Every structure is written in C-alpha cells, then in structure tokens.
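The values are calculated or read from the model by the stated rules, or taken from the named source; none is laboratory data. As the structure is a computational prediction, the values presented were derived from the model and not from experiment. Heads up, the Cβs are rebuilt from the backbone with ideal geometry, glycines too, and the neighbour counts pull from every protein chain shown. With ligands, DNA and RNA removed, areas are computed over all heavy atoms of the protein, side chains included. Shrake-Rupley method; radii C 1.70, N 1.55, O 1.52, S 1.80 Å.
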Amino acid sequence: MPQPPPLPTARSARARPACWLVSLGIAVVALALAASVVWAINRWSEAAHASAPMREAMRRSSCSVELVAVLGEPLRADRVPYGQIHQRDDGHSLIDLRVGLHGPQASGTLHVRGHRHDGRWDYPVMYVLLPDERPHDLTELDDAEAAQRCALQACREEGRCPAPPNGLVA
C-alpha cells in the first residue's frame with residue numbers, strides 16, 4: 001500500500017496570505033471616507049448658519065412677537081439645514097434653506113429664500129411653518145429697514161409683552 005502524502009507544514013505568519021492586511025486597508029479607507037463626509041457636512045452646516053440670510057432669518061424669528069408666543073424662547077435652529085447656497089463669481093448669490101426651529105414650547109420649520117445683487121440681500125420668501133402647518137410670514141417690504149428693528153424688543157419696552165425667561169437678554 002502506498003504511503004499517504006505528507007501533511008503540509010505550518011507556514012510562518014509572513015508566508016501566509018496577508019488577508020488581515022487587506023481587511024485593515026479596507027477599514028482604514030472606509031474610516032477615512034466616513035470622516036471626510038462628516039467633515040464636509042460640518043463645513044456646509046457652518047457656512048449655512050454663518051450666512052447673512054440665515055442670521056437674518058433667525059433674528060427676525062427671535063424678534064417676532066407671535067412666533068415667540070407660539071414656540072417660546074430661546075429659539076434654536078437644527079445643526080444641519082437642508083437646501084442650497086450658490087455663489088457666483090459676479091457677486092450674485094442665491095440661497096434656499098430649510099431648517100428645524102425649536103423653542104421650549106413647540107417646534108417649526110424655518111424657510112428662507114433670498115438673492116444678493118450688488119451686495120444687498122433680498123428675501124422674497126421667509127417664513128416659519130408652525131406645528132399646526134400654518135405659515136408665519138417673516139418677509140418685509142424693505143429688508144434693509146427690517147434689519148434695523150425688533151418688534152419683540154419694542155413690545156417689551158412698551159410693556160405690552162412679557163419679559164424674557166430668566167437668563168435671556170431682551
């Protein structure tokens with residue numbers, strides 16, 4: 001009877017196929033890709049929140065007597081808005097954003113659409129969609145004039161509106 005073939009001898013770690021290296025490489029690439037996506041979303045979110053239209057929409061929201069009565073104060077926007085920001089080389093800009101707006105009493109959705117021409121922003125669409133699906137309009141006939149006043153502050157100065165909650169500056 002013939003002898004069976006010899007058993008294979010154990011190979012050293014260096015001689016084995018480097019499957020673990022391939023797995024490690026895939027994991028590193030996937031981690032780098034995930035980190036890049038998180039970084040990009042963070043940068044976009046920061047740019048959107050820092051934009052003049054978003055700051056103006058938040059200012060108008062916080063200055064609206066009716067909106068503060070429904071949502072409460074302080075008002076806070078979600079971390080990541082949805083929408084688009086376009087900046088052209090000729091100085092024109094377009095923005096169309098939606099972001100969750102939250103107060104201690106309720107939440108809504110802030111919509112702002114604007115365009116900039118010759119350094120001046122115009123906001124044809126700016127409103128908050130309230131919890132009952134009713135829109136609360138924040139647009140103004142003169143956006144430059146609207147940026148100079150705050151209806152809630154004026155109402156408080158006249159004594160017609162309650163003071164802000166503890167810790168908030170009027």
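The figures follow:
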quantity: Failed item in (1) loosely packed, with under 15 Cβ neighbours inside 10 Å; (2) within 20 Å of Met126 (Cβ to Cβ); (3) of a type outside the set (D, E, K, R), with Pro2 passing the rest; calculated: (2)
quantity: Qualifying residue in the range 45-61 (condition: open to solvent by less than 70 Å² (accessible area, probe 1.4 Å), without any contact (Cβ under 8 Å) to a residue 24 or more places away in the chain, over 24 Å from Arg120 (Cβ atoms) and among the aliphatic types (A, V, I, L, M)); calculated: no
quantity: Of all residues making up the range 17-40, the number that are at pLDDT below 90 and open to solvent by 80 Å² or more (accessible area, probe 1.4 Å); calculated: 6
quantity: Residue, nearest to the chain's Cα centre (by Cα), within the range 17-38, restricted to residues that are of a type in the set (Val, Ile, Thr) and farther than 27 Å from Val80 by Cα; calculated: Ile26
quantity: Residue list for the range 68-77, restricted to those being in contact with a Leu (Cβ under 8 Å, 6 or more places away or on another chain) and either modelled with pLDDT under 90 or open to solvent by less than 60 Å² (accessible area, probe 1.4 Å) (or both); calculated: Val68, Val70, Leu71, Glu73, Pro74, Leu75, Ala77
quantity: Odd one out for Val99, checked against (1) open to solvent by 40 Å² or more (accessible area, probe 1.4 Å); (2) in contact (Cβ under 8 Å) with a residue 40 or more places away in the chain; (3) touching a strand residue (DSSP E or B) at 6+ places or on another chain (Cβ under 8 Å); calculated: (1)
